[in-house]
Amino acid sequence: MKTVTRYLLFQVFSVFALSWITLYAQDSTFIRGHYTKHEYMIPMRDSVRLFTAVYIPKDTAENHPIIMTRTPYSCSPYGEDRYPSNARNQRRAYFHEDYIVVYQDVRGRFMSEGGFENVRPYLEQKKSKKDIDETTDTYDTVDWLVKNIPHNNGHVGISGISYPGFYSSMGAIDAHPAVKAVSPQAPVSQWMGGDDFFHNGALLLPHAFDFFSSFGKPRPMPTTEPSPRFNHGTPDGYKFFLELGPLPNADAKYFMGSVPFWDEIMQHGMWDSLWAARDILPHLRNIRPATMFVGGWFDTENLYGALHSYAAVERSTPNHFNALVMGPWSHSQWAANDGGALGDIQWGSYTSFYYTDSIEVPFFDYFLREKGKPKKFGAAVFETGANRWRFLDSWPPKNVEPKEIYLNGHGKLAFDPPRDESAHDEYISDPTKPVPYTNEITQWYNPAFMDEDQRFAERRPDVLAYQTDVLQSDVTFAGPITVILYGSSSGTDCDWIVKLIDVFPDDTADPEPNPRRVRMGGCEMLVRGDVLRGKFRNSLSTPEPITPNKVTRFEYQLQDVFHTFKKAHRIMVQIQSTWFPMIDRNPGRFVDIYHAKESDFQKTIQRVFRSARYCTHLRINVLQ
């Protein structure tokens, strides 16, 4: 009966989605008919001019709020007679709500003047007009807009996703008085700490390689043309990056000095002043505009940024309207499609449409138009597994019980600690045959790998798996997960990848329709997974070798989850030492990986301990 009910609800949402898509179809024709486009070179305090596209409603019966995105990815199409042919979900909504819509190329990108700097550091002290950062460029742009764009109501909202999310966060710092609301979405916050290219000291190889191979190259003069995408010569990213070999080969074979920030990464493989200067989190304080941070539970790029930026404002700016939204999305999915599914996992509703219409637009309407009231919540979070939205006072929720879940013998996982005096499991980790992070053939990375069926990995001899007995009732994990792993390696460095997995019952029904012929019975849905590079176990700034074959405590935090393991499911933990090519290969030796040679790579014997003394476990919070 429950299955029939869910199916009927999904059909209702399908009709709604079809109507929504039809309503907002033909974006270019609609925008051209209802808006006038202007392009401006807006002067900054240091006389550099930034290219800005402004779409003004033809309806002049009332004044309109401004919604602005600052981007390094181009505010195309260029030309006052050219209009967007496919506005993304949110911007489409604002065009239909008669907002003044503004896009700006940030300093040094595309048609804007000046020099570009990746994640330009915030300047605390500004002594002259030459002291600029992204807060000053945002302030100067807003000041010009409210003074020069006709029929604006003097209220400005700022929003953007990913890198534009970083610029949105910067716009909330030292904000112009006209800026009333800001929504940084999947915002870059701390590149070395946990966003985009580094997780706990390990490099996310395809992210860094593919991103910088076509982004941020020196630009002789303003241009409307993006850099060409890198040609891998194969659709198989696993094959490409394995054949690439050690990281220095990237520049030797392909970049040849043409990608300056890649070279900087290679020289700054640990936390230092370069990364500290680009950490926005300490500066998210005394925020004046209302803020709403948005992220996706399955965003491998900027999940960290959404959660930690929200938390930074919560800590530093009390009695401030600050909210968090977390949906069941991969990176920027809420703006790209209906959000009804990720990979083979369906959510039973069109989560992106619901978010846009019921959460984001009401947020800006209230603070920029004084229209209606946004939902009262500290955190609007989608509970995966149960597949429903929950509106909570804060995140993480307070009504949780801390618990530990332990590795036991015979592949068992239990809430009771092991009793064996001495016990471990082991495997051989071979960097020439690393465990793939996805079962798909993909060139950059598979956005759906964060909830992908892990049966392909469990069958490998270099992956350990532990699972509970069948659950007798629902169990909901809410908040961060801490890994406490007691392990040893025959090498002097290694990686530990720990994955939390929801194992479906064998009789779980397949989706309908099912064009991919997915088999959900026994599916091992990845809920959360992350890596720790062993030499950074105590500090990201001070790497330390591992003593070979000595039991060592490794502790690190997986990002937050909000997931219900349903009755009749099982909870599984998988442990491995490679996750390729998502994570670059660890040679198994204590070396500078960014200057490693082929001869540095070696097989290692990895042991995971599960005894009374050395009890590997996860520290979790169970919702009450």
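FYI, it's all coordinate maths here, none of it is from the lab. This structure is a prediction, so every number in the text was calculated from the model and none was measured. Neighbour counts are summed over all protein chains in view; Cβ atoms, including those assigned to glycine, are modelled from backbone coordinates with ideal geometry.
Figures for the structure shown
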quantity	calculated
Distant-in-sequence amide H partners of Arg537 (H built 1.01 Å from N, under 5 Å)	Glu544
Chain lengthening between Gln267 and Asp236 when straightened (0.36 nm per residue, less Cα-Cα)	8.3 nm
Cα shape, the stretch 430-509, gyration tensor, a/c 1.5 rule	oblate
Theoretical FRET efficiency, 1/(1+(r/R0)^6), r = Cβ-Cβ of Asp474 and Lys127, R0 51 Å, to 0.05	0.30
At most 13 other Cβ within 10 Å, DSSP loop - GluC sites (Glu not before Pro), the stretch 57-156	Glu62, Glu80, Glu124
Across Lys180/Lys398; Lys433/Lys550; Lys239/Lys433; Lys127/Lys217, pairs whose alpha-carbon gap is larger than 19 Å	Lys180/Lys398; Lys433/Lys550; Lys127/Lys217
Segment Gln624-Lys433, length gained on full extension (0.36 nm per residue, minus Cα span)	64.5 nm
Anchor Lys535: aspartates and glutamates whose Cα lies under 15 Å away (excluding residues fewer than 8 positions away in-chain)	Asp493, Asp495, Glu544, Glu555, Asp584, Asp592
For the chain, share of DSSP beta bridges that run antiparallel, in % to the nearest 5	70
For the stretch 400-623, radius of gyration divided by Kirkwood radius, i.e. Rg to Rh on alpha-carbons	0.97
Sparsely packed GluC sites (Glu not before Pro) within the stretch 327-400, loop by DSSP, other Cβ within 10 Å at most 13	Glu370
Relative pair counts by distance (%), Cα atoms of the stretch 212-332, 5 Å bins	2, 8, 12, 13, 15, 16, 15, 10, 6, 3, 0
Area projected by the alpha carbon convex hull of the stretch 164-276, averaged over all directions, nm²	9.6
Hits among aspartates and glutamates - C-alpha to C-alpha of Lys373 under 15 Å, sequence gap 8 or more where chains match	Asp357, Glu360, Asp365
Label-point gap, in nm, between Asp600 and Ile484 - each point 7 angstrom along Cα→Cβ	3.3
Of (1) 24.8, 79; (2) 26.6, 82; (3) 27.7, 95, the label for Rg and Dmax of the Cα atoms in Å derived from the coordinates	(1)
Cut-off under 5 Å, modelled amide H: who pairs with Arg390 long-range	Val381, Phe382, Glu383
Between the stretch 26-88 and the stretch 552-624, the Cα center-to-center distance that results, in Å	46
